[in-house]
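Visitor: Following this message is one structure expressed as structure tokens.
The values are calculated or read from the model by the stated rules, or taken from the named source; none is laboratory data. Computed from a prediction, not measured in an experiment: that's the story for all the values here. Heads up, the Cβs are rebuilt from the backbone with ideal geometry, glycines too, and the neighbour counts pull from every protein chain shown.
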Amino acid sequence: MLNLQTERGPILAPLETWVRDWEFSGYAEVNETGTVTSRLTHVCRTLRFNLGRAVSQHPPSTNSPTK
């Protein structure tokens, strides 16, 4: 059985939120129907497809330690 809970909480909902963000930008389609497994597969494929774009467009973190 697929367990989408961690000790810190659910996994699928936050990932689907990221896909919704990509949909808003025109780079993804949300798929919130089907089984939990199919939804997770869709989320992972979408995020992997957009990984390069996410890295290049993400603002620098202000929480990073400086040397």
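Visitor: Among the helices (runs of 4 or more DSSP H) contained in segment 1-63, which hold 2 or more residues that are at pLDDT 85 or above and in contact with a helix residue (DSSP H, G or I) (Cβ under 6 Å, 6 or more places away or on another chain)? Spell out the reasoning first.
Guide: On the way: elements: 12-24, 36-49, 51-57.
Per the criteria, 12-24, 36-49.
Visitor: Would you mention how many residues in segment 23-38 are more than 24 Å from residue 58 (Cβ to Cβ) and touching a residue at least 24 places away in the same chain (Cβ under 8 Å)?
Guide: Final tally of qualifying residues: 2.
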